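For reference, the structure is listed below as structure tokens.
Any read-out appearing in this document is the output of simple, stated calculations on the displayed coordinates, not a laboratory observation. Here the structure is a predicted model, which means the values were calculated and not measured. With ideal geometry, Cβ positions are generated from the backbone for all residues, glycine too; neighbour counts draw on all protein chains shown.
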Amino acid sequence: LTAAALDASIPAARREPARLAAPIGCEAVGPALRCGGATVSASLIVFPAAANWSSVAAVRRQAAGNDDEALTFEVAGPGMRWQVRQGQGQARPGVVGVGAWLDGAAVGDGIRTRANQAWNAIHGDGGSPVLVVVELVPSGELTDGTQDRRIMQAVLAAQRDGLAREAGDRSRR
């Protein structure tokens with residue numbers, strides 16, 4: 001009961017549009033990208049320093065979707081680690097990549113991340129958890145999705161010195 005009351009007192013996460021670095025073959029259209037016929041956009045979600053990691057993981061799962069038949073893969077590089085999910089079949093919604101940062105580093109949802117955030121929340125001296133959600137909306141042509149995966153991989157790889165670095169910086173103490 002006390003834990004629930006404490007969780008309820010924590011302010012909500014702030015979601016804001018984010019600017020993506022454009023890889024070769026993509027052009028910037030405002031903060032979004034146009035890559036062939038696909039549109040790619042991103043959001044940065046900054047959580048309060050006192051947030052528990054369960055709330056961060058819940059937002060991550062919600063953003064990525066929960067299609068049991070989705071294709072999942074990872075795109076990793078220095079300072080970033082993206083979990084990517086692509087819906088399958090005719091009703092596939094596109095491709096979603098989600099990355100998380102804590103204390104300046106790309107993190108997953110494991111016990112070490114949860115423990116570090118619990119420590120930060122209790123002691124009040126840690127950074128704020130940050131999620132980045134990158135969404136690709138396909139052109140509308142019915143394809144096998146291979147091109148959409150390639151576009152998402154190129155877009156995420158291009159974020160190393162841009163959006164991934166910004167997320168890391170904003171998650172620092």
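Quick look at the numbers
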{"read-out": "Virtual spin-label span in nm between I122 and R61, 7 Å along Cα→Cβ", "value": "2.4"}
{"read-out": "Semi-axis lengths, Å, the chain, gyration tensor of Cα atoms, sqrt of 5 times eigenvalues", "value": "30, 17, 13"}
{"read-out": "Cα-projected label distance for A12 with D161, points at 7 Å along beta-carbon direction, nm", "value": "3.7"}
{"read-out": "Isotropic mean projected area of the C-alpha convex hull, segment 12-99 (nm²)", "value": "7.1"}
{"read-out": "Amide H partners (placed H, <5 Å) of A105, local residues excluded", "value": "none"}
{"read-out": "Residue among W53, W119, W82 with the largest mean-square fluctuation in a Gaussian network model of the chain, springs linking Cα atoms under 10 Å", "value": "W119"}
{"read-out": "Two-site FRET efficiency, S54 against E27, from Cβ-Cβ distance with R₀ of 41 Å, rounded to 0.05", "value": "0.60"}
{"read-out": "Dipole magnitude (debye, nearest 20) for the chain, charges at Cβ of Lys, Arg, Asp, Glu", "value": "360"}
{"read-out": "Förster-model FRET efficiency, 25 Å R0, D68 and T146, C-beta, rounded to 0.05", "value": "0.75"}
{"read-out": "Pair R34, R19: separation of 7 Å Cα→Cβ label points (nm)", "value": "1.9"}
{"read-out": "GNM result for the chain, Cα springs below 10 Å: residue of A49, A58, A28 fluctuating most strongly", "value": "A58"}
